[in-house]
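The values are calculated or read from the model by the stated rules, or taken from the named source; none is laboratory data. Note that the coordinates shown come from a computational prediction; the quantities given were computed from them, not determined experimentally. Positions of Cβ are backbone-derived with ideal geometry, glycine not excepted, and every protein chain shown enters the neighbour counts.
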Amino acid sequence: MTPEALAQHNERQRRYFSRGIKPRMVPRGAPHVQRQVEELIRFAGIQPHHLILDAGCGMGRYTLPLAERGLRVEGLDLTPFLLDQLRQADGGRFRIPLYCADLIDHPPELTGRYDFIVGFFTLHHLHDFTACYRGMWRMLKPGGQVVFLEPNAYNPLFYLQILITPGMTWEGDKGMGLMRRSILFPAMREAGFTNLRLERFGFLPPVLYNRGWGPRVDAVLGRAPLWKSFRPYQLIAGVKPGLPA
């Protein structure tokens, strides 16, 4: 991607996320959000002593639950409006360090800083997967991991969600269709990551999962082999080679 194309993409993303507060991004601690955070922590093997960067942290919908679990988390996002909303939601409780930057052109002080770079529904908004993964590679310590939770490109409900959800547009979220192993893994390998993993989970949409009976039903239906390829959420991880310091 040329510098001009990168600048145009970033400006489109800033406009998309600065048109007002999108209800689905507001930090509320809903059961499905808590479950997604717990699944990522389990999958990644994150421990309290690890330093985490939440890439594409937005308004803190997932950053704050990470901090509430006693984890050391910082945030990075492209859009100043979203970071301002996160600071307000934090209210000085955790004083989470925040950075306004692109993953490709991050502040030099972030180089080699993190044990984990995580993201929740971030990858499908990125422009050049290989270049962004290279930027994350530079920010990780040796042995560090990138771990992202993304929609399953083969689950049709996400495309229906774009059509019926206020504030969502095909321009802003069409990258969901690229969230496939055949696209992401080659970009990760080219950026230098190894030990690539992908795991899917879940069944019910949030509106049903958040009901009292939702987690129990989801646990039963989500285990059915028939739905394995269509489970809505997928965790994607890779490791920067080297031994942790």
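In segment 192-211, the residues that are closer than 22 Å to Ala237 by Cβ reach residues that are among the β-branched types (Val, Ile, Thr) with C-beta atoms within less than 7 angstrom, at least six apart or across chains, in these pairs: Phe193/Val146; Phe193/Val239; Thr194/Val239; Asn195/Val239; Leu198/Ile236.
For segment 52-94, taking the residues that are crowded, with 22+ Cβ neighbours inside 10 Å and acidic (Asp, Glu), the one that is farthest from Val146 (Cα to Cα) is identified as Asp77.
Condition (residue is at pLDDT 95 or above, of a type in the set (Ser, Thr, Tyr) and either in a loop (DSSP other than H, G, I, E, B) or under 14 Å from the mean Cα position of the chain (by Cα) (or both)) applied to segment 57-69: is it met by at least one residue? Yes, segment 57-69 contains at least one residue that is at pLDDT 95 or above, of a type in the set (Ser, Thr, Tyr) and either in a loop (DSSP other than H, G, I, E, B) or under 14 Å from the mean Cα position of the chain (by Cα) (or both). If the condition is being small (Gly, Ala, Ser), surrounded by 12 or more Cβ atoms within 10 Å (Cβ to Cβ) and not in a helix (DSSP H, G or I), then segment 28-51 contributes only Ala30. Taking every residue in segment 98-113 that is more than 11 Å from Gly135 (Cα to Cα) and pairing it with any residue that is basic (Lys, Arg) and not in a helix (DSSP H, G or I), at least 6 positions away or on another chain, the pairs with Cβ-Cβ distances below 9 Å are Arg113/Lys141.
Only a single criterion out of (1) modelled with pLDDT under 95; (2) more than 24 Å from Thr111 (Cα to Cα) is not satisfied by Leu6, namely (2).
Of all residues in segment 199-220 being of a type in the set (A, V, I, L, M, F, W, C) and surrounded by 17 or more Cβ atoms within 10 Å (Cβ to Cβ), which is nearest to Asp128 (Cα to Cα)? Within segment 199-220, the match that is nearest to Asp128 (Cα to Cα) is Phe201.
Would you check which residues across segment 115-134 are touching an Asp or Glu at 6+ places or on another chain (Cβ under 8 Å), aromatic (Phe, Trp, Tyr) and modelled with pLDDT of 95 or more and list them? Answer for segment 115-134, where residues must be touching an Asp or Glu at 6+ places or on another chain (Cβ under 8 Å), aromatic (Phe, Trp, Tyr) and modelled with pLDDT of 95 or more: Phe120, Tyr133.
Which residue is nearest to the chain's Cα centre (by Cα), if the candidates are limited to segment 95-117 and must be surrounded by 17 or more Cβ atoms within 10 Å (Cβ to Cβ) and assigned to a loop (DSSP other than H, G, I, E, B)? Looking at the filtered set, the residue picked out is Leu103. Name the pairs whose Cβ atoms lie under 6 Å apart, with the first residue in segment 220-245 and under 23 Å from Gly119 (Cβ atoms), the second among the basic types (Lys, Arg), and 6 or more positions between them or separate chains? Here the result reads Arg231/Arg200; Gln234/Arg200; Ala237/Arg197, each pair linking segment 220-245 to a residue that is among the basic types (Lys, Arg).
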